[in-house]
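Have a look at the structure below before the remarks.
The values are calculated or read from the model by the stated rules, or taken from the named source; none is laboratory data. Only a predicted model underlies this, so the values are computations on that prediction, with no experimental measurement involved. A quick note on method: Cβ atoms are made from the backbone with ideal geometry, for glycine too, and the neighbour counts reach across all protein chains shown.
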Amino acid sequence: MRTQVFGPPESWPSQDLIAFSDEFDLPMTLAAYCSGAFPMPLHEASFEARMGWWSPMRRGVIELGDLRVTRSLVKSARRYTTTIDVAFDEVLTRCADSNRPFGWIDDDIREVFTQGNREGVVHSVETWDAQGRLVGGLYGVSLWGLFAGESMFHDAVFGKDASKVALVRLINELRDRPDGTALLDVQWLTPHLASLGASEISRDDYLERLQLALAAPQTVWSGRRLPGDWQLERTA
């Protein structure tokens, strides 16, 4: 696998967008993640390039012990069950809904990440209600001790807190790693993610932690169907 695909980090500009390219495929994408960057299309930019590559100066992460589980989330979770990699295509489709504000998932992203799921490096977590409806979920890239979250969704009618329940399942899977080296990357800190316990670290700190995560064993994904309140403890 190619690493440092964009050159040494010391040469990167002091801004979130570090490169752009016409090339975009799965090997380049995985090399980018191993370098500390991720793809996001330049749909509304003046650049003619196909893809932008980003490494935020302030990187959003969720420390596994910092997840905020409210009383409301505990109550909501009891209505759901969660699975892993049962409905990846549907999760991706729901995340890519063009009616969502600030949508960025285009056909290129869908093709590459679907290939990644087939090859076992991209995973989804699904949340289901009692009627068997998919009401929430998330997906992201799993490389050794790194999980890079890409997008999440919830059904506005039937899925209150359903994306949060998927996040709880994800964090519990990462907590099950025996070495305790998991790094959960959420790209940028948003008010929504901050409310769940996400925080920011510098690019340099992220790259240091990334190297530790990439030297760790691969995460093993269970795929079991579990109730939404599995290992769910209220912290706020």
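Within region 58-81, restricting attention to residues that are closer than 28 Å to ILE201 by Cα and of a type in the set (Gly, Ala, Ser), the residue that is modelled with the lowest pLDDT is GLY65. Residues of region 124-139 that are more than 19 Å from ARG68 (Cβ to Cβ) and either in a helix (DSSP H, G or I) or out of contact with any His (no Cβ under 9 Å at 6 or more places or on another chain) (or both): SER124, GLU126, TRP128, ASP129, ALA130, GLN131, GLY132, ARG133, LEU134. When the helices (runs of 4 or more DSSP H) confined to region 140-236 are screened for residues that are charged (D, E, K, R) and at pLDDT 95 or above, those reaching at least 2 such residues are found at 203-214.
Given the criteria touching a residue at least 24 places away in the same chain (Cβ under 8 Å), touching a strand residue (DSSP E or B) at 6+ places or on another chain (Cβ under 6 Å), surrounded by 20 or more Cβ atoms within 10 Å (Cβ to Cβ) and not in a strand (DSSP E or B), does PHE113 qualify? In short, yes.
Each row is one residue, and each column tells you yes or no for (1) part of a loop (DSSP other than H, G, I, E, B); (2) of a type in the set (Gly, Ala, Ser); (3) surrounded by 15 or more Cβ atoms within 10 Å (Cβ to Cβ); (4) in contact with a Gly (Cβ under 7 Å, 6 or more places away or on another chain).
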position: GLY7; (1), (2), (3), (4): yes, yes, no, no
position: GLU23; (1), (2), (3), (4): yes, no, no, no
position: PRO27; (1), (2), (3), (4): no, no, no, no
position: LEU30; (1), (2), (3), (4): no, no, yes, no
position: CYS34; (1), (2), (3), (4): no, no, yes, no
position: GLY60; (1), (2), (3), (4): no, yes, yes, no
position: SER72; (1), (2), (3), (4): no, yes, no, no
position: VAL91; (1), (2), (3), (4): no, no, yes, yes
position: SER98; (1), (2), (3), (4): yes, yes, no, no
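The set of residues from region 151-173 being surrounded by fewer than 24 Cβ atoms within 10 Å (Cβ to Cβ) and either without any contact (Cβ under 8 Å) to a residue 12 or more places away in the chain or touching a helix residue (DSSP H, G or I) at 6+ places or on another chain (Cβ under 8 Å) (or both) comprises SER151, HIS154, ASP155, ALA156, VAL157, LYS160, ASP161.
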